[in-house]
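Undergrad: Before we start, here is the structure in question, set down as structure tokens.
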Amino acid sequence: MKRRIMCLLLTLCMVLSLLPASALAAEEQVYLALGDSISSGYGLSDKTKRFTDLVAAGKGYTQINHAVDGNTVSKMLETQLAGGRLDEDIAKADFITVTVGGNDMLAPVYVKVAERYNSLMGTDIKPDEITQFMLTASQVQKLLMFSSVCTVLEGDSSEGLPPYIETPEFEESLADMEEDLAQLMDSIRDLNYKAHVVITTQYHPYRSFASQFTALGEPLDECAKAFRKLILECAEEYDFLVADVYTAFRGNEKALCNADLATMNPDFHPNAAGHAVIAETILALELPERPEQPEQPEQPEQPEEPEQPERPEQPEEPEQPEQPEQPEQPERPEQPEEPEQPEQPEQPEQPEQPEEPEQPEQPEEPEQPEQPEEPEKPEKPDDDDDDDKKPSRPSSSGSSGVEKYYIDAIAGNGGTIFPSGKVSVQEGNNKSFAIHPRKGYEIAYLVVDGEKVAAQDKYTFTKVEEGHTIEVVFRVMGADKNVTAPYKDLAPNAWYHEYVGVMLQRELMQGVSETAFAPDDPLSRAMLVQILYRIAGEPRVFWRSDRPEFDDVSRNAWYASAVYWAYDTQIITGKSESIFDPNGKVSREQFATILYRFARYRGDDVRIGDDDGVLAFRDADSISNYAVVGMQWAISEGLFSGVSEGYLAPRMNATRAQAAKLLYHFL
């Protein structure tokens, strides 16, 4: 008996050993965190205290965090979701949180505050520099800055300034937020219909300041409430849950933010206690059951029952789906019984052409309803075929009796249009688009509904009653030959003269001194990331406690922001965890790899074909493993060619003149 039990146990062990690990382990649940610096944990000394970490631990989920400091919904759409960068992570997520609203609410305030403070003090502080400035400013400067904030928020009747909440800028920020939320949810639901999506409301960060600075009390609280109301109203229409952080913070007596009156610290980010409250608010949500995506197509498959009326022919039809034209051959052997009717089998073939009601089997292609499989409310999308791809919004707008239309906004190479993509507008409303060329480009013209329109940096569709399209065409500003004049080492007839001239004209490259450009000097790592940083529009870089700082990159260095931006975006890495080597030379293969990563970051199509391009060179085997993909891409794009017949020289250092030529063609 014991021997039999042992045999059974051994057999069971052998069977289990053949099973994949995934079959034995519980299915992994994935939590995706999106949003701004609240989700990234800005201002926390211990990153593990982020609310996202607490939520992941509380639910037992594996966390993927793609939060970016300074994010707004529009930035997420333009820099993260565009080009399918997050498609894979969104598709596999079971739970998604989004923190937005703070930057949308305060960005226009900071613009007005910077204008006011600069007019008083004769300074030139940029809106995105205010927070950093306040950390190092004197007490008097801080008081004047807070005074400017209060004036902007509260208004000043003596100066004819309305309260901020009554300004067009505030109304526009709310309207943009609603449109962007719609696009965000459309993007998520296109990829993942089953995940629970939670968006947090914006809290009041300066509640403790209210007694000393009244404008930081009620006026700012009204702004936070307006954003909270907008998110709550959008929740059902755009299919997401709301974590009401505003109410949770308001009802808590603890100091939940880093802001501190004693030190005049304006940091509005939550502290560890604040992150704990956000996590509790999210974990307390009751999660409704999400419908299974496949269940919706199964219902339209019921129309297969109309095949029942065809039951008389069903004996033949089971063969027809497998052999659509062969059933005609079995009919011929059945009709030889009527010798005079060999032609009749051909005649039934004609009725069998009406059997092309097998095309009604195309209704079986409620695979077409699979397009509307995204709507939770499929009753209403049926009324509008044009909205198949975005059924969630028309369905709810139909219930309110207000139609929505879409404006397709596209920007060519050389600049941006905001908002972009498929933008929804309620019937009868106006919609404005802001157009921004990059450095070295200008607006050539617009194409509105197929008609060419003169160049302008803002275009408004008024009283929208139908769908529209708007496309912006940019052109390169011609290189001014005079820009090369100050540099005595630039030969007018040199091969690089045009390329260097364009880089100088666009302010992407500069001389190494007032009179020297040094075209033949090696390109350094700091120079390259600074050029790419300028091409990217010099986005704001936050100094984070959770990010290592390089010992050889001073915060005051001219390339510091570019280095940490390139590091954060994974365009370049350090030589080690503590060394960046800003003066290090850039080889041709390093240049190709860094440019490839930048193109991918920018959303360019970086797909490459086979490796014939690389293999065409005799020294292809000398390319470092990490650089093969980048070199192949650069060759396929026509950016790199051999330095001599049959040789690529991947490890040769790139010069500043060569960099100008490569970047000229890349742009």
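The values are calculated or read from the model by the stated rules, or taken from the named source; none is laboratory data. Just so we're clear, the structure is a prediction, and the values are computed from it rather than from any experiment. Note that each Cβ is placed from the backbone with ideal geometry, even for glycine, and that neighbours are counted across all protein chains shown. For the accessible areas, the whole protein counts, side chains as well, though only heavy atoms, and no ligand, DNA or RNA atoms are used. Shrake-Rupley method; radii C 1.70, N 1.55, O 1.52, S 1.80 Å.
Undergrad: With a Förster radius of 35 Å, plug the Cβ-Cβ distance of ARG555 and LEU144 into 1/(1 + (r/R0)^6) and report the FRET value to the nearest 0.05.
TA: The calculated FRET efficiency here is 0.90.
Undergrad: Using Cα centres only, tell me the gap between the range 418-434 and the range 553-601 in whole Å.
TA: Taking the Cα centre of the range 553-601 as reference, the centre of the range 418-434 is 38 Å away.
Undergrad: For ILE410, ILE594, write out the residues from largest to smallest accessible area, computed with a 1.4 angstrom probe and no ligands counted.
TA: Per-residue accessible area, sorted high to low, gives ILE410, ILE594.
Undergrad: At a 10 angstrom cut-off on C-beta neighbours, averaged per residue, how do the peptides 656-663, 458-465 rank from highest to lowest?
TA: For the peptides 656-663, 458-465, the packing ranking is 656-663, 458-465.
Undergrad: Here's something else I'd like to know. Compare the peptides 528-537, 503-512 by average per-residue count of other Cβ atoms within 10 angstrom and give them in order, highest first.
TA: 528-537, 503-512
Undergrad: Please give the contour-minus-distance gain from SER578 to TYR445: 0.36 nm per residue of separation, less the Cα-Cα distance, rounded to one decimal in nm.
TA: Contour length minus Cα-Cα distance gives 43.1 nm.
Undergrad: Continuing with the same structure: Given the whole protein assembly as supplied and a 1.4 Å probe, what does the accessible area of LYS585 come to in Å², nearest 10?
TA: Surface open to solvent at LYS585 totals about 120 Å².
Undergrad: Enter the accessible area of ILE579 (Å², nearest 10), with the probe set to 1.4 Å and all protein chains included.
TA: ILE579 has an accessible surface of roughly 60 Å² with all protein chains in place.
Undergrad: Which far-off residues, 5 or more places away or on another chain, put their amide H under 5 Å from the one on HIS468, with H placed in the peptide plane?
TA: Distant-sequence amide H within range of HIS468: TYR406, ILE407, ASP408.
Undergrad: Write out the trypsin sites (Lys or Arg not before Pro) in the range 63-156 meeting two conditions: DSSP loop, and at most 12 other Cβ atoms within 10 Å of their Cβ.
TA: Answer by residue number: there is no such site.
Undergrad: Moving on. Check ILE64: other-chain or 5+ apart residues with amide H under 5 Å from its amide H, H built from backbone geometry?
TA: Excluding prolines and chain starts, which carry no amide H, the hits are TYR31, LEU32, ALA33.
Undergrad: Here's a follow-up. Ranked highest first by average number of other Cβ atoms within 10 Å, how do 193-204, 513-524 line up?
TA: Output ranking for 193-204, 513-524: 193-204, 513-524.
Undergrad: Taking 22 Å as R0, compute the FRET efficiency from the Cβ-Cβ separation of ASP568 and LYS92 and round it to 0.05.
TA: Efficiency computed from Cβ-Cβ geometry: 0.40.
Undergrad: Sticking with this one: Show me the chymotrypsin sites (Phe, Trp or Tyr not before Pro) within the range 541-584 that DSSP assigns to loop and that have at most 12 other Cβ atoms within 10 Å of their Cβ.
TA: Sites meeting the loop and neighbour criteria: TRP558.
Undergrad: Quote the relative contact order of the range 413-457 in percent (integer), defining contacts as alpha-carbon pairs under 8 Å separated by 6+ residues.
TA: For the range 413-457, the relative contact order is 35 percent.
Undergrad: Each residue of the range 267-284 in order: what ³J(HN,Hα) in whole Hz does its phi give by Karplus 6.51 cos²θ - 1.76 cosθ + 1.60, θ = phi - 60°, with x for Gly and Pro?
TA: Working through the residues one at a time gives 4, 8, 6, x, 8, 4, 5, x, 5, 5, 5, 4, 4, 4, 5, 6, 5, 7 Hz.
Undergrad: 5 Å is the cut-off here: which amide hydrogens, built 1.01 Å from N in the peptide plane, fall below it relative to GLY70, excluding neighbours closer than 5 in sequence?
TA: SER37
Undergrad: Quick one: Karplus J couplings for the range 650-667, per residue in order, coefficients 6.51, -1.76, 1.60, θ = phi - 60°, nearest Hz, x for Gly and Pro?
TA: Values per residue, Gly and Pro as x: x, 9, 6, 6, 7, 8, 5, 5, 4, 4, 4, 5, 4, 5, 4, 6, 5, 7 Hz.
Undergrad: Additional query: Would you please give the FRET efficiency between GLU218 and GLU253, computed as 1/(1 + (r/R0)^6) with r the Cβ-Cβ distance and R0 = 30 Å, to the nearest 0.05?
TA: Rounded to the nearest 0.05, the efficiency is 0.95.
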